[in-house]
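J.: I am attaching a structure below and will ask some questions about it afterwards.
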Amino acid sequence: MNPPHIRAGEICLIMATRGRPQMLAEVFAALRATTARPDGVSLWLYVDEDDTATRRAMDGGALAQAGARIHWHIGPQTGGLCETQHALWRESGRTAEIYMVLADDICFLTKGWDDILRDTARKFPDGVFLACPYDPTTADTCTYPIFGWRWLETLGRMFPGYFPYWFDDRWVHQIGEMAGCYARLPIDLRPIGGKGRTRRMRDLPFWTRFFQLTLDERKADAKKLIDALAQDPEKKAAAERNLQQRAAAFARQQNAFSDLYNVFQEERFSMHDPAERRAFNRRYFEREAAAVAELAEYAQDRMSREKFSEAIDFLDATFLSNLRVRQIHDMKAACLRALGRDAEAGKLARETLAPWPEMNLARRLFRFFGMVASDTKTMIIGFLQKGGKKK
């Protein structure tokens with residue numbers, strides 16, 4: 001039973017777009033041709049404030065009809081799609097029963113797709129579900145995720161906010177599989193001109209490994225969804241067994257990680273040439289730095305529980321990034337020593353001194369002179385103040 005503020009049958013489409021209004025007009029035309037009940041569909045679009053091409057088309061009326069109620073949001077360019085999608089979800093009022101995330105180059109081919117979504121929602125009356133249209137290019141990813149309203153309210157978000165590209169759809173797919181509330185739908189969506197290249201794509205080996213090592217977060221989210229369902233004890237126990245089984249299967253996939261294969265995939269799909277990927281980008285740097293910090297905190301947690309081999313897995317993953325952090329090198333050396341691998345720890349410690357020299361003697365001298373200077377300053381000030389009072 002939905003609460004009063006949730007509108008039964010209401011569908012909210014969420015889409016970020018940039019710089020291709022002609023393609024967006026084709027998407028709108030497909031929506032007009034295939035939507036059964038336009039009055040029950042709203043389309044929320046995020047447009048970057050510096051996207052002059054799209055804003056010109058908006059002002060000129062070229063993007064006025066989409067077979068749904070259109071809501072435009074103009075905002076700053078972000079480091080990933082997640083920020084735009086969350087902004088649209090919040091601005092929509094969060095009153096729809098169903099939310100669907102789309103790209104700006106995807107056309108609906110199935111007529112009455114919106115009624116299929118409504119029929120699916122009726123099969124999950126508690127509002128906790130994830131659904132995915134037919135996608136011939138991927139079997140293990142919810143490419144265009146469809147969320148039930150309670151899924152979003154329970155987790156408080158659509159996506160985790162870590163990734164600059166890819167992975168968000170695979171993240172929610174694994175949660176849906178582990179929570180046992182995932183459905184594939186007979187809805188055909190196709191990209192205009194075939195599958196394109198990926199904006200912001202770089203360092204794929206790092207992001208793939210980061211995704212694999214954050215499985216515990218997805219398990220925790222799946223558990224929250226199971227707890228949100230009104231199930232009797234027997235059904236809940238079965239759901240929790242399914243969670244553990246699916247999580248174990250996903251964990252086994254991590255052993256198949258290949259950085260070489262990921263390099264191949266990056267060269268195949270990235271929109272940017274090698275020089276562009278090497279160039280400094282503040283938004284990307286902030287995203288990668290946050291992910292490295294997350295891995296370091298995971299490693300600290302494992303070290304506090306004396307799981308040193310697991311800690312090394314997280315620390316080694318940071319070396320696939322562009323960042324080198326002194327504390328991470330020190331943490332790995334400590335783990336190696338705890339495992340009795342003293343020779344490796346010593347070698348790593350020596351390598352660490354090259355980019356981050358200790359200068360221990362200089363530091364001790366500076367501390368000594370600093371202490372003397374501070375004490376001398378205190379004595380002089382005290383003497384002057386005392387002398388001033390005598391006058």
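What follows draws every value from the coordinates through simple rules; no lab data is involved. All of these numbers come straight from a predicted model, not from anything done at the bench. Heads up, the Cβs are rebuilt from the backbone with ideal geometry, glycines too, and the neighbour counts pull from every protein chain shown.
J.: So, in Å, what gap is there between the alpha-carbon centers of region 111-125 and region 8-55?
T.: Centre-to-centre (Cα) distance: 20 Å.
J.: Another question about this same structure. Place +1 on the Cβ of every Lys and Arg and -1 on the Cβ of every Asp and Glu in the chain, take the dipole about the Cα centre, and give the residue among Gln231, Gly340, Ile11 whose Cα lies farthest towards its positive end.
T.: Projecting each Cα onto the dipole axis, the largest value belongs to Gly340.
J.: Then there is this: How big is the charge dipole of the chain about its Cα centre, in debye rounded to the nearest 20, if each Lys and Arg gets +1 on its Cβ and each Asp and Glu gets -1 on its Cβ?
T.: On the way: 58 positive and 52 negative charges, 332 e Å.
Dipole size: approximately 1600 debye.
J.: Sticking with this structure for a sec: In the Gaussian network model of the chain, springs joining C-alpha atoms below 10 Å, which of Glu83, Glu351, Glu288 carries the largest mean-square fluctuation?
T.: Per the Cα network of the chain with a 10 Å cutoff, Glu351 tops the list.
J.: Express as a percent, rounded to the nearest 5, the fraction of DSSP beta bridges in region 7-194 (both residues included) that run antiparallel. Provide the component values of the computation, followed by the final result.
T.: Working: 8 of 33 bridges.
Close to 25 percent.
J.: Normalized C-alpha radius of gyration of region 47-121, against 2.2 N^0.38 Å? If you can, show how the numbers build up before the last one.
T.: Details: Rg = 14.2 Å, N = 75, 2.2 N^0.38 = 11.3 Å.
Here the answer is 1.25, to two decimals.
J.: Along the charge dipole of region 7-194, which of Thr110, Leu81, Ala62 sits closest to the positive end, that is, farthest toward it, with unit charges on the beta carbon of Lys, Arg, Asp and Glu (+1, +1, -1, -1)?
T.: Comparing the listed Cα positions along the dipole, Thr110 ranks first.
J.: Could you work out the relative contact order of region 7-194, using alpha carbon pairs under 8 angstrom and six or more residues apart, expressed as a whole percent?
T.: Working: 357 pairs, mean separation 49.0, N = 188.
It comes to 26 percent, rounded to a whole number.
J.: Using label points projected 7 Å from each Cα along Cα→Cβ, tell me how many nm separate Ala293 and Arg94, to one decimal.
T.: Placing both labels 7 Å beyond Cα along the Cβ direction yields 2.4 nm.
J.: May I ask what percent, to the nearest 5, of DSSP beta bridges between residues of the chain are antiparallel?
T.: On the way: 8 of 34 bridges.
Antiparallel bridges: around 25 percent, rounded to the nearest 5.
J.: Quick one: divide the alpha-carbon radius of gyration of the chain by 2.2 N^0.38 Å and tell me what you get.
T.: Numbers: Rg = 26.8 Å, N = 391, 2.2 N^0.38 = 21.3 Å.
The chain yields a ratio of 1.26.
J.: Fully extended, how many nm does the chain gain between Ala220 and Tyr134 (0.36 nm per residue separation, minus their Cα-Cα distance)?
T.: Details: separation 86, 0.36 × 86 = 30.96 nm, distance 2.73 nm.
Here the answer is 28.2 nm.
J.: Can you compute the label reach from Met271? Point 7 Å from Cα along the Cβ direction, backbone N cut-off under 18 Å, restricted to region 195-219.
T.: Counting backbone N atoms under 18 Å from the label point, the list is 195-204.
J.: Give the order of Met379, Met23, Met15 when sorted by the count of other beta carbons within 10 angstrom, beginning with the fewest. Could you put the intermediate results ahead of the total?
T.: On the way: Met379 10, Met23 17, Met15 22.
With the sparsest Cβ surroundings first, the list reads Met379, Met23, Met15.
J.: Quick check on region 7-194: what are the equivalent-ellipsoid semi-axes from the Cα gyration tensor, as sqrt(5λ), descending, whole Å? Don't skip to the answer; put the middle values down first.
T.: Values: eigenvalues 117, 69, 51 Å².
For region 7-194, the ellipsoid semi-axes come out as 24, 19, 16 Å.
J.: Hey, what did region 155-297 get for relative contact order, percent, Cα under 8 Å, at least 6 apart? Provide the component values of the computation, followed by the final result.
T.: Details: 104 pairs, mean separation 55.6, N = 143.
Relative contact order of region 155-297: 39 percent.
J.: Relative to the longest principal Cα axis of the chain, at what angle does helix 342-353 sit, 0 to 90 degrees, rounded to 10?
T.: So the helix axis and the longest Cα principal axis differ by about 90 degrees.
J.: What three numbers, in Å, describe the spread of the alpha carbons of region 1-105 along their principal axes, ordered from the longest?
T.: Sorted largest first, the three principal extents are 44, 32, 20 Å.
J.: May I pose another question? Cα axis of helix 360-390 to longest principal axis of the chain: angle in degrees, 0 to 90, nearest 10?
T.: Between the helix axis and the principal axis of the chain, the angle is about 80 degrees.
J.: How would Ile74, Ile146 line up from fewest to most surrounding beta-carbon atoms within 10 angstrom?
T.: Ranked by crowding around the Cβ, least crowded first: Ile74, Ile146.
J.: Over all distinct Cα pairs, what is the inverse of the mean 1/r for region 224-324, reported as the Kirkwood hydrodynamic radius in Å?
T.: In region 224-324 this quantity evaluates to 17.2 Å.
J.: Still on this model: Would any residue of region 221-238 have its amide N under 13 Å from a label point 7 Å out along Cα→Cβ of Glu153? List them or say none.
T.: The answer is 228-230.
J.: While we're looking at this one, here's another question. Ranking Ile11, Ile70 by Cβ neighbours within 10 Å, fewest first, what do you get?
T.: On the way: Ile11 24, Ile70 16.
If I rank by nearby Cβ atoms, fewest first, I get Ile70, Ile11.
J.: Another question, then. When a/c is below 1.5 the answer is rounded, else prolate if a/b is larger than b/c, else oblate, so apply that to region 103-176 with a ≥ b ≥ c taken from the square roots of the Cα gyration tensor eigenvalues.
T.: Details: a/c = 1.90, a/b = 1.07, b/c = 1.78.
Cα axes put region 103-176 in the oblate bin.
J.: Going by alpha carbons, how many degrees (0 to 90, nearest 10) lie between the helix axis of 113-123 and the longest principal axis of the chain?
T.: Orientation of helix 113-123: about 70 degrees from the principal axis.
J.: Translational diffusion coefficient of region 274-335 at 10 °C, 1.306 mPa s, Stokes-Einstein with Kirkwood Rh over Cα pairs, in µm²/s as a whole number.
T.: Numbers: Rh = 12.2 Å.
D, rounded to a whole number, is 130 µm²/s.
J.: Another question, then. State the Cα centre-to-centre distance between region 204-232 and region 236-301 in whole Å.
T.: 13 Å
J.: Calculate how large, on average over all directions, the projected area of the Cα convex hull of region 261-308 is; give the answer in nm² to one decimal. List each step's numbers first, then the result.
T.: Working: hull surface 18.9 nm².
Averaging across all directions leaves 4.7 nm² for the Cα convex hull.
J.: Specify, per residue and in Å³, the volume enclosed by the convex hull of the alpha carbon atoms belonging to region 75-116.
T.: Details: hull volume 3.8 nm³, N = 42.
Roughly 91 Å³ of hull volume per residue.
J.: Determine the shape class of region 126-229: with a ≥ b ≥ c the square roots of the Cα gyration tensor eigenvalues, call it rounded for a/c under 1.5, and otherwise prolate if a/b is greater than b/c, oblate otherwise.
T.: Details: a/c = 2.15, a/b = 1.22, b/c = 1.76.
Here region 126-229 falls in the oblate category.
J.: Still on this structure, please answer the following. Viscosity 0.692 mPa s, temperature 37 °C: give me the Stokes-Einstein translational D for region 208-266 in µm²/s, with Rh taken as the Kirkwood radius over C-alpha pairs.
T.: Details: Rh = 13.2 Å.
Answer, rounded: 250 µm²/s.
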